[in-house]
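K.L.:
Have a look at this one before I ask anything.
The values are calculated or read from the model by the stated rules, or taken from the named source; none is laboratory data. Since this is a predicted model, take the numbers as computed values, not measurements. Note that we place each Cβ from the backbone using ideal geometry, even for glycine, and neighbour counts take in every protein chain shown. Calculation scope for accessible area: heavy atoms of the full protein, side chains included, ligands and nucleic acids excluded. Shrake-Rupley method; radii C 1.70, N 1.55, O 1.52, S 1.80 Å.
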Amino acid sequence: MTTELSRIVAESAIRDLLCEYTHLIDQGRLREVAALFARSDYGQCGPDGIATTLISSDADAVFAACSGFIRMYGDPPIPRTKHLLTNTRIAVDGESASALSYITVIQGTETLALQPILSGRYFDRFSCVDGSWQFSSRLFCMDNMGDMSAHAKRAL
């Protein structure tokens, strides 16, 4: 496979992985979300880009953080959100890669009209292990926050 073709294949696999996250979290499949980050660091930062929270590279810790924060609705339980990933830039360097994406989360419930509730950026790193791409780190920087009362179990 040529270098250019390898890069394109890697970018496609990484985009699929990024989309898998958004689909799983919007479906409330938090155990599977946590599994995506089982071998990676997951952190949050403010608009200044400085990390404020770091969750260890442990699926149980990621699951606990997600399930302790996200409010669920219905049966099966879902967060009533849509995570919109845009402006994604991917850089592949052999068996590692990085990506920068904008994230906008919209939500609508019986008591909250459909609206954007937050926007920010994902700074992701990936590694290719046995031919499969996986997250090695994610830093989520929240840039703007709307009405999070129907989404968050606790105040931010």
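K.L.:
If we keep just the residues of the range 25-37 that are assigned to a loop (DSSP other than H, G, I, E, B) and crowded, with 19+ Cβ neighbours inside 10 Å, which is modelled with the highest pLDDT? So that I can check it myself, show each step before the final result.
P.N.:
Kept after step one, since they are assigned to a loop (DSSP other than H, G, I, E, B), are these residues of the range 25-37: 27-29, 37.
Going one step further and asking which of them are crowded, with 19+ Cβ neighbours inside 10 Å, we end up with 28, 37.
Details: G28: 97, F37: 91.
Selected residue: G28.
K.L.:
Kindly list the number of the only condition in (1) of a type in the set (A, V, I, L, M, F, W, C); (2) closer than 18 Å to A35 by Cβ; (3) in a strand (DSSP E or B) that fails for V92.
P.N.:
(2)
K.L.:
Kindly provide the set of residues from the range 55-93 that are of a type in the set (G, A, S) and open to solvent by 50 Å² or more (accessible area, probe 1.4 Å), ordered by number. Steps first, answer last, please.
P.N.:
So the first thing to find is which residues in the range 55-93 are of a type in the set (G, A, S), and the list is 56-57, 59, 61, 64-65, 67-68, 74, 91.
Result: S56, S57, A64, G74, A91.
Each row is one residue, and each column tells you yes or no for (1) over 16 Å from the mean Cα position of the chain (by Cα); (2) modelled with pLDDT of 90 or more; (3) assigned to a loop (DSSP other than H, G, I, E, B).
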| position | (1), (2), (3) |
| --- | --- |
| R39 | no, no, yes |
| Q44 | no, no, no |
| D48 | yes, no, yes |
| A64 | no, no, no |
| D75 | yes, yes, yes |
| K82 | no, yes, no |
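K.L.:
Further question: Taking the range 129-155, which residues are in contact (Cβ under 8 Å) with a residue 12 or more places away in the chain and not in a strand (DSSP E or B)?
P.N.:
Within the range 129-155, G146, D147, M148, S149, A150, H151, K153, R154 qualify.
K.L.:
Can you tell me how many residues in the range 100-128 are part of a strand (DSSP E or B) and either hydroxyl-bearing (S, T, Y) or open to solvent by 10 Å² or more (accessible area, probe 1.4 Å) (or both)? Please lay out each step first, then the result.
P.N.:
First, the residues of the range 100-128 that are part of a strand (DSSP E or B): 100-107, 115-128.
Still in the running and either hydroxyl-bearing (S, T, Y) or open to solvent by 10 Å² or more (accessible area, probe 1.4 Å) (or both): 100-102, 104, 106, 115-116, 118-119, 121-123, 125, 127-128.
Looking only at that region, the number is 15.
K.L.:
A further question on this structure: Check the range 2-22 and report whether any residue there is of a type outside the set (A, V, I, L, M, F, W, C) and either within 19 Å of M145 (Cβ to Cβ) or touching a Lys or Arg at 6+ places or on another chain (Cβ under 6 Å) (or both). Write out each step before concluding.
P.N.:
Of the range 2-22, the ones of a type outside the set (A, V, I, L, M, F, W, C) are 2-4, 6-7, 11-12, 15-16, 20-22.
With the extra rule that they be either within 19 Å of M145 (Cβ to Cβ) or touching a Lys or Arg at 6+ places or on another chain (Cβ under 6 Å) (or both), the set shrinks to 22.
There is at least one residue in the range 2-22 that is of a type outside the set (A, V, I, L, M, F, W, C) and either within 19 Å of M145 (Cβ to Cβ) or touching a Lys or Arg at 6+ places or on another chain (Cβ under 6 Å) (or both).
K.L.:
Collect the residues in the range 1-12 that are in a helix (DSSP H, G or I) and either β-branched (V, I, T) or open to solvent by less than 40 Å² (accessible area, probe 1.4 Å) (or both), keeping them in residue-number order. Outline the logic, then answer.
P.N.:
Applying the first criterion (in a helix (DSSP H, G or I)) to the range 1-12 yields 3-12.
Answer for the range 1-12, where residues must be in a helix (DSSP H, G or I) and either β-branched (V, I, T) or open to solvent by less than 40 Å² (accessible area, probe 1.4 Å) (or both): T3, I8, V9, A10, E11.
K.L.:
Determine whether T52 is in contact with a strand residue (DSSP E or B) (Cβ under 7 Å, 6 or more places away or on another chain), open to solvent by 30 Å² or more (accessible area, probe 1.4 Å) and free of Cβ contacts under 8 Å to residues at least 60 places away in the same chain. Steps first, answer last, please.
P.N.:
Numbers: in contact with a strand residue (DSSP E or B) (Cβ under 7 Å, 6 or more places away or on another chain): yes; open to solvent by 30 Å² or more (accessible area, probe 1.4 Å): yes; free of Cβ contacts under 8 Å to residues at least 60 places away in the same chain: yes.
Yes, satisfied.
K.L.:
Also, I was wondering about something else. Does the range 13-24 contain any residue that is among the hydroxyl-bearing types (S, T, Y), surrounded by fewer than 16 Cβ atoms within 10 Å (Cβ to Cβ) and either under 19 Å from F135 (Cβ atoms) or touching a helix residue (DSSP H, G or I) at 6+ places or on another chain (Cβ under 7 Å) (or both)?
P.N.:
Taking every residue of the range 13-24 in turn, none turns out to be among the hydroxyl-bearing types (S, T, Y), surrounded by fewer than 16 Cβ atoms within 10 Å (Cβ to Cβ) and either under 19 Å from F135 (Cβ atoms) or touching a helix residue (DSSP H, G or I) at 6+ places or on another chain (Cβ under 7 Å) (or both).
K.L.:
Here's another thing I want to ask about it. I want to confirm something. Restricting to the range 129-142 and keeping residues that are of a type in the set (A, V, I, L, M, F, W, C) and open to solvent by less than 60 Å² (accessible area, probe 1.4 Å), which single residue is farthest from the chain's Cα centre (by Cα)? If you could, list the steps in order and put the result at the bottom.
P.N.:
Narrowing the range 129-142 to residues of a type in the set (A, V, I, L, M, F, W, C): 129, 133, 135, 139-142.
Restricting the remaining residues to those that are open to solvent by less than 60 Å² (accessible area, probe 1.4 Å) gives 133, 135, 139-142.
Details: W133: 15, F135: 10, L139: 9, F140: 8, C141: 11, M142: 12 Å.
Looking at the filtered set, the residue picked out is W133.
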